[in-house]
Each structure stands twice: as C-alpha cells, then as structure tokens.
Amino acid sequence: MRRTLVALSAAILPLLAPAGQASAAATPAGGWEPAPSTPWDVPAGARCDFPVHGEPVVDEVERRVLETYADGTVRRAAYAGDLVVRVTNTDTGKSYDADASGSAVVEYRPDRSQYWAVLGPVLVGVAENGGTLQRGLYIVDGVYTLDIAPTGYKTVSLAHGSTDDLCARID
C-alpha cells in the first residue's frame, strides 16, 4: 500500500482554477472530511462473468470540497487517502485486495457527468459497451483522466499508466 498526495500536474491544474459561475466552498476546519466507501455487489455479467462483492478493508479516504455551485452542491472536490478494496468472486470465494489509494480532483457537472484528474490507482468498473475499456473491473494506475458521461460511459485517457484486470485476478 502506498500513500499518494494530490500533485499539481498538468492534468490537475486546470481543475483547480476558479470557474466564473461557481462560489467558494465552505469546508470544515482543515478542509478535509472522511469520505468512506461502502460495500457493493454486482451480478454476474455486469462487470465480470461471475458475481462480485467489493468491500473496503482499509479506508482512510478524505475529501476536501474545493468549490460549490451557487445552490451549495459540490462542483469540485479533491480526494486522497489509503483505500484497499477486497474484490471477491462470490461463486468461488477467490478474492484480491486491490490498492485504490490514488488521489483525484473530481468535477461534478450539472448534467450529472463527472471529470476526474487522477494520480495513482483507482478502482474503475465498466459495463458492457460502457467505456473505452472493455466490460470489467480495473485498477487504473498512473496519471490519467476519467470522463464519465451522463449516460455512465467512461472515457479513460492515460497520460502514463496501466490497467490491471481484476476479473482475471479472481476468476
């Protein structure tokens, strides 16, 4: 497990620039707050050929709201902290502890789409015909962006990095 800090890379700097129509966010003292992950289940065929359960075994992720819209909803937030998710094939019990301890700045758009600028590993699930990666569960690691359309279609653009097929690890 490693700890990755938000770096001011070329991918992240544009997200930190103020937007004309957004207001600054009010954050708790220090600005960082816990952002816990919840366990999840996906049926066979949704991501892998078999049903999968995911559950955090280490979860120290924190969020800092960087900017809000006029109505107070989050426009931009930074996420950082250790996260290890145990991904289990519920048919066989085979599991893998996936390090998803990357850092990201996420822009939440009014149309419910999202734009992520990421440094380090993040767990990404892709549905059939649902992105630039094939259907599956992946740890995407490196320097990259993740653009999630309102339809859920995920475009991963790696500046430098790799993908690790978690379905293959627990098959």
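A short reminder: the numbers here are calculations on the coordinates, not readings from a lab. Since the structure is predicted, the reported quantities are computational estimates derived from the model, not experimental observations. In this analysis, Cβ positions are derived from the backbone assuming ideal geometry, glycine residues included, and neighbour counts consider all displayed protein chains.
Structure data summary
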quantity: Separation between Cα centres of the stretch 130-171 and the stretch 29-85, rounded to whole Å; calculated: 16
quantity: Label-point separation, THR90 to ASP71 (7 Å along Cα→Cβ), nm; calculated: 3.4
quantity: Linear extension gain, LEU158 paired with GLU128, 0.36 nm per residue minus alpha-carbon span; calculated: 8.8 nm
quantity: Normalised contact order of the stretch 31-170, rounded percent, pairs of Cα under 8 Å and 6 or more residues apart; calculated: 18
quantity: Distance between modelled label sites at THR151 and GLU33, nm, 7 Å Cα→Cβ extension; calculated: 3.4
quantity: Prolate/oblate/rounded call for the stretch 31-170, Cα gyration tensor, a/c under 1.5 rounded; calculated: prolate
quantity: Least to most buried among ARG112, ARG169, ARG75 (fewest other Cβ within 10 Å first); calculated: ARG112, ARG169, ARG75
